[in-house]
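Q: Okay, here's the structure, questions in a sec.
The values are calculated or read from the model by the stated rules, or taken from the named source; none is laboratory data. Because the structure is a prediction, the values reported are computed rather than measured. All Cβ positions, even for glycine, are placed from backbone atoms using ideal geometry, and neighbour counts span all protein chains on display.
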Amino acid sequence: MPLLDATGAITDRWVRLTDDTPLPRAGAVILSVARLKAEFDQLPSHGLLLFGVEIVPEVCVDTLTPWLQRLDLIAIPFKSFTDGRGFSIARQLRLAGFAGELRAVGPLIADQFAYLKSCGFDTVQLDAATFGRQPSDQWLAALSAFSGLYQRSYGGPLNILAARRAARAKAADVSERAAAE
Amino acid sequence: MYRYDEFDHRLVQERVAQFRDQVARHLAGSLSEEEFRPLRLMNGLYLQLHAYMLRVAIPYGTLSSRQMHRLAEIAKRFDRGYGHFTTRQNIQYNWPRLKDVPDILAELADVEMHAIQTSGNCIRNITADPFAGVAADEVEDPRITAELLRQWSTLHPEFSFLPRKFKIAVTGSAHDRAAIKVHDIGLRLVRSPAGEIGYEVCVGGGQGRTPMIAQVIREFLSKDALLPYLEAIMRVYNLFGRRDNKYKARIKILVHEIGVAAMRDAVETEFARLDVAAIAADQDEVARIAGYFAPPVYEQLPKDSSTLRTARAQDGAFHRWVETNVGAHKVPGYTIVTVSLKPIGGVPGDATANQMHVLADLADRFSLDELRATIEQNIVLPNVKADDLPALYVELVAAGLSTANVGLITDIISCPGLDYCSLATARSIPIAQALSQRFADAERQRAIGPLAIKISGCINACGHHHVGHIGILGLEKAGEEYYQITLGGDPTETAAVGERLGPGLSAEATIDAIERLVEVYLARRQSGESFIAAYRRLGHDAFKEAFDAAA
């Protein structure tokens with residue numbers, strides 16, 4: 001399935017493992033929650049093998065906290081582009097300190113890319129048909145549709161409240177200097 | 001009132017460009033019909049029975065003359081010369097063409113207006129008390145909060161694909177003119193025992209097919225915690241609100257199913273994780289917004305206007321209009337004028353382009369350049385000198401805007417119904433018109449006193465029938481329209497959902513039945529007792545008997 005990040009289409013270095021496939025020696029593998037839970041204590045920690053997990057939208061993020069430090073990727077599925085739970089799950093994971101790759105998986109649309117990025121997603125994996133209708137240029141254009149956003153502490157373009165604060169500070173500085181002269 | 005800065009301007013302009021591009025990509029096949037639909041809805045564009053409908057936000061109901069003039073120009077240039085003011089402080093145009101919509105949005109952006117999030121499963125237009133800033137019983141102007149929330153909810157990265165629509169209302173007064181108890185979140189500015197101003201937060205109110213009165217989730221929330229606390233509520237709803245059934249997807253169902261105590265626990269747990277200072281708007285930002293809502297410069301006037309007194313004595317029609325349509329202002333010598341958009345036999349909430357121009361001019365001349373749209377589908381001129389009322393009245397008469405019925409039985413709320421709406425199951429406008437004709441007599445209306453009739457053409461309850469003193473719900477069975485009557489609804493601080501009287505009636509029988517109910521009230525009321533007060537004292541059965549006899 002096509003994979004995108006903020007630069008456009010990229011190749012996927014991650015492999016989804018079915019629960020009965022043995023772990024490879026090296027690489028990057030995505031496990032199910034059940035397998036991660038069952039095998040977590042035995043997972044090799046030599047660093048040649050990176051681990052990711054694919055969760056379900058019904059997940060309670062707190063159940064993932066013990067694993068967050070060991071994971072390099074969390075894939076969050078979207079059942080449809082109008083099912084917005086994934087936005088909140090991503091936000092919760094970032095607030096909980098997860099620093100690895102957050103991947104949105106499902107039939108999302110280009111016009112959602114900026115929101116996905118702001119909530120903490122790095123990559124989007126979608127079906128070939130949607131990607132065919134909405135190729136990379138539409139996804140990248142969507143990222144720059146807005147030059148600012150009002151919500152503080154979300155990622156993305158310029159924060160409007162921060163920009164206003166900076167403008168106020170600058171104005172105060174100018175008037176202070178004028179007063180000093 | 002609030003003025004856009006460069007960032008607000010740029011954002012609405014970028015939104016217009018984005019929508020123009022989305023329309024083009026839809027027409028070119030990049031965005032399927034299914035994908036385009038929520039995008040167009042989040043720009044206020046519905047596909048109705050006969051045409052597209054564009055719903056434009058009037059944030060917290062406040063308009064300048066310039067903005068009202070622009071709304072009139074849009075009605076003239078892109079529509080059929082009129083607009084419809086809704087129950088959520090929006091204006092709807094019923095006949096725009098899809099290809100014109102980006103141009104209309106550009107015209108709106110030019111006067112600091114937009115149609116962003118007037119539909120779709122996102123946070124909708126933030127509504128507030130239409131008497132904000134001029135009511136005597138106010139703790140603080142709720143528009144400061146509403147504007148902060150307008151910005152915070154606009155293009156929210158996390159909360160734009162919610163289980164269902166989400167409505168927030170704010171009031172600054174003990175007397176609730178914003179119907180906060182029937183909103184997903186209702187905020188009331190309150191003063192703590194220590195004198196600090198903050199919010200009482202209610203959650204889970206709503207109308208639709210399962211009407212519910214909002215419950216208090218936080219007795220007192222300090223002002224600087226507002227955005228983080230709302231973020232916590234929204235996140236709990238976004239994650240746990242039902243997505244399996246659109247009729248059970250509103251937050252009221254979640255609150256009802258898990259109970260307000262569990263909801264409170266979930267919200268407080270989420271809230272406790274948040275870095276309040278990193279999310280809240282800083283105090284300077286709030287002060288910046290508050291600055292725009294600083295009271296205008298009022299003249300020092302005597303409390304009593306001899307001009308007004310003389311005019312009232314000389315002109316009975318003017319006197320009656322003042323009695324019903326003019327309210328007390330917090331500043332001596334000023335009044336709050338409600339212009340009724342409910343002429344006898346007219347369409348509730350409709351105004352022609354010419355009437356909008358007149359209202360804009362009158363606001364400029366008599367109301368310090370300000371107008372308000374109300375949830376009762378009327379227009380308020382909030383700053384009129386008592387001395388100016390006679391001159392204002394003359395102009396209103398000339399424009400057909402002098403109906404003296406605010407709060408009376410012909411001041412009917414009605415949704416567009418089956419005449420326009422693709423969701424409707426029955427017509428509501430003709431019912432409103434027939435009732436208005438039936439009770440047209442001015443003396444009779446005054447004798448009946450305050451009585452709110454609210455009509456919805458389907459179970460979605462856009463006409464607020466659940467909270468009408470008399471509510472009417474239009475339904476359809478086997479191709480026939482019929483109407484159910486409810487009694488005892490109330491959208492204010494004493495909020496209540498109306499109780500159904502009995503089986504549905506034909507349109508004609510509905511009008512007769514309501515007349516009969518009014519007669520019961522007139523026969524049994526005590527001195528000075530309003531319809532709703534009499535209903536509460538006498539009980540449902542007293543009215544049901546009369547209804548059953550007629551049905």
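Q: Can you pull out the residues in region B:177-230 that are among the β-branched types (Val, Ile, Thr) and assigned to a strand (DSSP E or B)?
A: Of everything in region B:177-230, those that are among the β-branched types (Val, Ile, Thr) and assigned to a strand (DSSP E or B) turn out to be B:ILE185, B:VAL190, B:ILE197, B:VAL201, B:VAL203, B:VAL216, B:ILE217.
Q: Given (1) touching a Phe, Trp or Tyr at 6+ places or on another chain (Cβ under 9 Å); (2) without any contact (Cβ under 8 Å) to a residue 12 or more places away in the chain, where does B:ILE455 come up short, assuming only one miss?
A: Of everything listed in (1) touching a Phe, Trp or Tyr at 6+ places or on another chain (Cβ under 9 Å); (2) without any contact (Cβ under 8 Å) to a residue 12 or more places away in the chain, B:ILE455 misses just condition (2).
Q: Does A:THR18 qualify as being β-branched (Val, Ile, Thr), out of contact with any Pro (no Cβ under 6 Å at 6 or more places or on another chain) and within 22 Å of B:THR269 (Cβ to Cβ)?
A: no
Q: Output the number of residues of region B:100-149 satisfying the condition of being charged (D, E, K, R), more than 16 Å from B:HIS329 (Cα to Cα) and touching a strand residue (DSSP E or B) at 6+ places or on another chain (Cβ under 7 Å).
A: Residues flagged as charged (D, E, K, R), more than 16 Å from B:HIS329 (Cα to Cα) and touching a strand residue (DSSP E or B) at 6+ places or on another chain (Cβ under 7 Å) within region B:100-149 amount to 2.
Q: Okay, moving on. May I ask you to say which residue of A:LEU116, A:LEU108 is at pLDDT 95 or above and in a loop (DSSP other than H, G, I, E, B)?
A: None of the others qualify; the one that does is A:LEU108.
Q: Keeping to region B:91-108, report how many residues are surrounded by 22 or more Cβ atoms within 10 Å (Cβ to Cβ) and assigned to a helix (DSSP H, G or I).
A: 4
Q: A further question follows. Given the criteria within 14 Å of chain A (Cβ to nearest Cβ) and within 30 Å of A:PRO135 (Cα to Cα), does B:LEU39 qualify?
A: Taking the combined requirement at face value, the residue satisfies it.
Q: Restricting the search to region A:89-100, which residues are free of Cβ contacts under 8 Å to residues at least 12 places away in the same chain and at the interface with another protein chain (Cβ under 9 Å from one of its Cβ atoms)?
A: Residue satisfying the conditions is A:LEU95 alone.
Q: Within region B:479-494, can one find any residue that is at pLDDT below 95 and more than 22 Å from B:THR324 (Cβ to Cβ)?
A: yes
Q: Name the residues in region B:370-390 that are of a type outside the set (A, V, I, L, M), assigned to a strand (DSSP E or B) and under 19 Å from B:PHE85 (Cβ atoms), would you?
A: B:GLU370, B:ARG372, B:PRO382
Q: Still on this structure, I have one more. Can you report the number of residues in region B:486-502 which are over 17 Å from the mean Cα position of the chain (by Cα) and among the hydroxyl-bearing types (Ser, Thr, Tyr)?
A: 2
Q: Hey, does region A:68-87 have a residue that's part of a helix (DSSP H, G or I), within 17 Å of the chain's Cα centre (by Cα), under 23 Å from B:LEU239 (Cβ atoms) and away from chain B (no Cβ under 11 Å)?
A: Yes, that holds for at least one residue.
Q: OK, next. When the residues of region A:61-105 are filtered to those that are modelled with pLDDT under 95 and β-branched (Val, Ile, Thr), which remaining residue is surrounded by the most Cβ atoms within 10 Å (Cβ to Cβ)?
A: A:VAL61
Q: In region B:18-36, which residues are surrounded by 18 or more Cβ atoms within 10 Å (Cβ to Cβ) and either at the interface with chain A (Cβ under 9 Å from one of its Cβ atoms) or polar (S, T, N, Q) (or both)?
A: Those that are surrounded by 18 or more Cβ atoms within 10 Å (Cβ to Cβ) and either at the interface with chain A (Cβ under 9 Å from one of its Cβ atoms) or polar (S, T, N, Q) (or both): B:GLN18, B:ASP21, B:GLN22, B:ARG25, B:SER30, B:LEU31, B:GLU35.
Q: Check A:ARG168 against each of (1) closer than 17 Å to B:PHE7 by Cα; (2) in the same structural domain as A:ARG85 (by TED's automatic domain parsing) and name the one condition it does not meet.
A: Among (1) closer than 17 Å to B:PHE7 by Cα; (2) in the same structural domain as A:ARG85 (by TED's automatic domain parsing), A:ARG168 violates only (2).
Q: Okay, moving on. Hand me the list of strands (runs of 3 or more DSSP E) wholly inside region B:391-494 holding 1 or more residues that are outside the structural domain of B:VAL358 (by TED's automatic domain parsing) and over 27 Å from B:TYR521 (Cα atoms).
A: Once the strands (runs of 3 or more DSSP E) in region B:391-494 are filtered for at least 1 residues that are outside the structural domain of B:VAL358 (by TED's automatic domain parsing) and over 27 Å from B:TYR521 (Cα atoms), what remains is B:470-477, B:480-487.
Q: With the condition kept exactly as written, say whether any residue in region A:149-160 is more than 20 Å from A:PHE87 (Cα to Cα) and not in a loop (DSSP other than H, G, I, E, B).
A: Yes, region A:149-160 contains at least one residue that is more than 20 Å from A:PHE87 (Cα to Cα) and not in a loop (DSSP other than H, G, I, E, B).
Q: Same structure again: Can you name every residue in region A:125-175 that is touching a residue at least 24 places away in the same chain (Cβ under 8 Å) and facing another protein chain (nearest Cβ under 8 Å)?
A: A:GLN134, A:GLN138, A:ALA141, A:ALA145, A:PHE146, A:LEU149, A:GLN151, A:TYR154, A:GLY156
Q: Follow-up question, since we're still on this one. When you check A:LEU116 against the structure, is it at the interface with chain B (Cβ under 9 Å from one of its Cβ atoms) and either within 15 Å of the chain's Cα centre (by Cα) or more than 26 Å from B:GLU6 (Cβ to Cβ) (or both), yes or no?
A: So A:LEU116 passes the test.
Q: A follow-up question, please. Out of B:ASP282, B:ASP350, I need the residue that is surrounded by 15 or more Cβ atoms within 10 Å (Cβ to Cβ) and either in the same structural domain as B:ILE429 (by TED's automatic domain parsing) or at pLDDT below 95 (or both). Which one?
A: After ruling out the rest, the residue left standing is B:ASP282.
Q: When the residues of region B:1-17 are narrowed to those that are at the interface with another protein chain (Cβ under 7 Å from one of its Cβ atoms) and crowded, with 19+ Cβ neighbours inside 10 Å, which ends up nearest to B:CYS122 (Cα to Cα)?
A: Here the answer is B:LEU11.
Q: Those residues that are hydrophobic (A, V, I, L, M, F, W, C) and surrounded by fewer than 23 Cβ atoms within 10 Å (Cβ to Cβ), I need them from region B:459-468; list them, please.
A: Within region B:459-468, B:ILE459 is the sole residue that qualifies.
Q: Right, next: Exactly one of these conditions fails for A:ARG103: (1) in a helix (DSSP H, G or I); (2) more than 12 Å from chain B (Cβ to nearest Cβ); (3) not hydrophobic (A, V, I, L, M, F, W, C). Give me its number.
A: It fails just one condition, (1).
Q: Taking the options B:SER414, B:SER367, name whichever one is crowded, with 24+ Cβ neighbours inside 10 Å, farther than 28 Å from B:LEU47 by Cβ and hydroxyl-bearing (Ser, Thr, Tyr).
A: The match here is B:SER367.
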